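Okay, structure first, notes after.
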Amino acid sequence: VSQSNDIFNLKNIDYNRGLSSFGNDTILYTKILQKFYYDYKNINLSNINNKEELYREIHTLKGLSASIGATKIYKDAESLGNDFNEIKLQQLNQNLIEVTDELSTIINDKKESITKTDIDSKTQIELFEKLQIALKSKRPANCQDAIKEIEKYNLDEKNKEMFDKIIKLVATYKFKES
């Protein structure tokens, strides 16, 4: 995330509110904004078919958005928790897109792909097989080496999306789903 004053001109995030949530620690706040961006940039809540999982995701999003100062998302998530309907879910998705789009302008997403190298299909298969074995252990620590190794490479869009989902599932101990 850029440390310049541009960050104060965010339209969808109350920077000062978010920063104060993290004790005015700009480095920590920046890391949380980056994590939020990478976790939610490709998510569409309407694609989550399991109601329990959807409610859990909305609840998590509500807490995170309040912490980072994404007030519209917080209000939408809170409203959905009280009165769930498809229109409100679409509004939450739209606000989530707006926030992640805005964050993409201040997060150096391109730098990531420059520092990564391309991967051949043989290496990719080998690394995903290592990850699959690690996932069967149901221990996040066992998965970290394989995850870190895969993170060094540029993945095609399909595998990147799958890999991002796996990382999220590992972080929440959902090994069977991964």
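We did not get these values from a lab; they are worked out from the coordinates using the rules stated. Just so it is clear, the structure is predicted and the values come from calculations on it, not from any experiment. Counting neighbours? That spans all protein chains shown, and the Cβs are built from the backbone with ideal geometry, glycine included.
Here is the link list: LYS116/LYS148; LYS122/LYS152; LYS138/LYS165; LYS72/LYS165. Which ones come out longer than 19 Å on Cα distance? Show your work: numbers first, answer last.
Details: LYS116/LYS148 12 Å; LYS122/LYS152 15 Å; LYS138/LYS165 16 Å; LYS72/LYS165 25 Å.
Going by Cα-Cα distance, LYS72/LYS165 fall outside the 19 Å limit.
If you plug the beta carbon distance of GLN144 and LEU28 into 1/(1 + (r/R0)^6) with R0 = 30 Å, you get a FRET efficiency near 0.90.
Length available on full extension from GLN132 to SER104: 0.36 nm per residue minus the Cα-Cα distance, which gives 7.0 nm. By its C-alpha gyration tensor, with a ≥ b ≥ c as the square roots of the eigenvalues, how is the chain shaped: rounded for a/c under 1.5, else prolate for a/b larger than b/c, else oblate? Oblate.
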